[in-house]
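**Q** Sharing a structure here in structure tokens format.
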Amino acid sequence: MKEDLIKLDTVDAYNQLFGLETLHPLVNVVDLSEANGYPTHFTVNYGIYALFLKDIKCGDIRYGRQVYDYQEGTIVSFAPGQVAETEMLEGVKPMAKGIVFHPDLIKGTSLGQEIKTYSFFSYDSREALHLSEEEKGIILDCLAKIKLELSHPIDKLSKRLIARNIQLLLDYCMRFYNRQFVTRTEVNKDVLSRFEFLLDDYFRNGKTRTEGVPTVRYFADKVFLSPNYFGDLIKKETGRSPQEYIQGKMIDMAKEMLLGTEKTVSQIADDLGFQYSQHFNRIFKKNVGQSPNEYRRLQANA
């Protein structure tokens, strides 16, 4: 029988799940080697942010249908709204250090304004961050600084200092992810080649008529990546987002049809998957600087 979904909406609820002490209602630096009485198989719906450095592989974490790609020295992270299933290995004590914090902790801080820029919180299961020994040391040092701040009596600067130290931790994670994109450049190029092939195939085989305008999620699913990870990878490799790539291809196709066929603008918009021709007109003008009719007329007279 499938176990009940555990809703972790507070830091205290997380601490209770693992038998840890609550020192602050909105944040905790966690050492899972100190955990007591935790379940061995559970599914969590996160209402808080969580980020862990796994010291050893102590079980499987599933996010969606995939198992997290992690081993020694791996960062895994979750954001509010995500659901993850965990199955602990029998007889193996969890060895992980990390942080859990409630969204309320960062409201009104610079981290609160920028939290959405840390796209790795929405990366999928096989996109974990693998660290070198030096990088692990930096992450542990950041966690130690936050823990030290939590041990001090709360004053008017506590929230700001804790939030800034969490932001420093996340900035380092972003830097290390950028390094991982570079070190996996051959894999990344394979993904880019696959994306370009799939994009050409989408238009060539008329999928716009059945599927509509192509989306980033469609191609991310095809290469088995989350939309966020896929978007960051393509941006790193090309300097353009997948959305810009898709729009560029769409504009090229539109130009060919405007100059090489007698189809109306409305028919071309329909061929490209647009439900409304006005939407197509806006995107075309934004990219080309002219409306489709103006482009057709000016090119015909050139």
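**Q** Would you pick out the residues in the stretch 265-278 that are loosely packed, with under 13 Cβ neighbours inside 10 Å and not in a helix (DSSP H, G or I)? Full working, then the answer.
**A** Step one: list which residues in the stretch 265-278 are loosely packed, with under 13 Cβ neighbours inside 10 Å, which gives 275-276, 278.
Those that are loosely packed, with under 13 Cβ neighbours inside 10 Å and not in a helix (DSSP H, G or I): GLN275, TYR276.
**Q** How many residues are touching a residue at least 40 places away in the same chain (Cβ under 8 Å) and open to solvent by less than 10 Å² (accessible area, probe 1.4 Å) if we restrict to the stretch 184-203?
**A** Summing the residues that are touching a residue at least 40 places away in the same chain (Cβ under 8 Å) and open to solvent by less than 10 Å² (accessible area, probe 1.4 Å) in the stretch 184-203 gives 3.
**Q** ASN15 is checked against (1) crowded, with 17+ Cβ neighbours inside 10 Å; (2) touching a helix residue (DSSP H, G or I) at 6+ places or on another chain (Cβ under 9 Å) and fails just one. What number does that condition carry?
**A** All conditions pass for ASN15, except number (2).
**Q** I've got another one for you. Can you tell me which residue in the stretch 279-302 is most open to solvent (accessible area, probe 1.4 Å), limited to those that are outside any helix (DSSP H, G or I) and touching a helix residue (DSSP H, G or I) at 6+ places or on another chain (Cβ under 8 Å)? Quick ask: steps written out before the conclusion?
**A** Taking the stretch 279-302 first, the residues outside any helix (DSSP H, G or I) are 289-291, 301-302.
If we keep only those that are touching a helix residue (DSSP H, G or I) at 6+ places or on another chain (Cβ under 8 Å) too, we end up with 290-291.
On the way: GLN290: 53, SER291: 29 Å².
Taking the candidates together, the pick is GLN290.
**Q** Restricted to the stretch 207-247, and to residues that are in contact (Cβ under 8 Å) with a residue 60 or more places away in the chain, among the small types (Gly, Ala, Ser) and outside any helix (DSSP H, G or I), which residue is surrounded by the fewest Cβ atoms within 10 Å (Cβ to Cβ)?
**A** GLY212
**Q** Looking at this structure, is LEU258 open to solvent by less than 30 Å² (accessible area, probe 1.4 Å), under 29 Å from GLU294 (Cα atoms), in a helix (DSSP H, G or I) and of a type in the set (A, V, I, L, M)?
**A** yes
**Q** Another question, if that's okay. Is it the case, given these coordinates, that MET250 is assigned to a helix (DSSP H, G or I), open to solvent by less than 40 Å² (accessible area, probe 1.4 Å) and either under 30 Å from PHE78 (Cα atoms) or without any contact (Cβ under 8 Å) to a residue 24 or more places away in the chain (or both)?
**A** Considered against the rule, which asks whether it is assigned to a helix (DSSP H, G or I), open to solvent by less than 40 Å² (accessible area, probe 1.4 Å) and either under 30 Å from PHE78 (Cα atoms) or without any contact (Cβ under 8 Å) to a residue 24 or more places away in the chain (or both), MET250 comes out as no.
**Q** OK, next. Identify the single condition in (1) open to solvent by 10 Å² or more (accessible area, probe 1.4 Å); (2) closer than 20 Å to CYS173 by Cα; (3) at pLDDT 90 or above; (4) in contact with a helix residue (DSSP H, G or I) (Cβ under 8 Å, 6 or more places away or on another chain) that MET95 does not satisfy, given that it satisfies every other one.
**A** (3)
**Q** Mind checking which residues of the stretch 279-301 are hydrophobic (A, V, I, L, M, F, W, C) and in contact with a Leu (Cβ under 7 Å, 6 or more places away or on another chain)?
**A** PHE280 - this is the single residue of the stretch 279-301 that is hydrophobic (A, V, I, L, M, F, W, C) and in contact with a Leu (Cβ under 7 Å, 6 or more places away or on another chain).
**Q** For the stretch 100-183, which fully contained helices (runs of 4 or more DSSP H) count at least 1 residues that are without any contact (Cβ under 8 Å) to a residue 24 or more places away in the chain and buried (at least 17 other Cβ atoms within 10 Å of the Cβ)?
**A** Output list reads 133-151, 158-183.
The values are calculated or read from the model by the stated rules, or taken from the named source; none is laboratory data. Because the structure is a prediction, the values reported are computed rather than measured. So basically every Cβ, Gly included, is an ideal-geometry build from the backbone, and we count neighbours across all protein chains shown. Note: areas computed on protein heavy atoms with side chains; ligands, DNA, RNA excluded. Shrake-Rupley method; radii C 1.70, N 1.55, O 1.52, S 1.80 Å.
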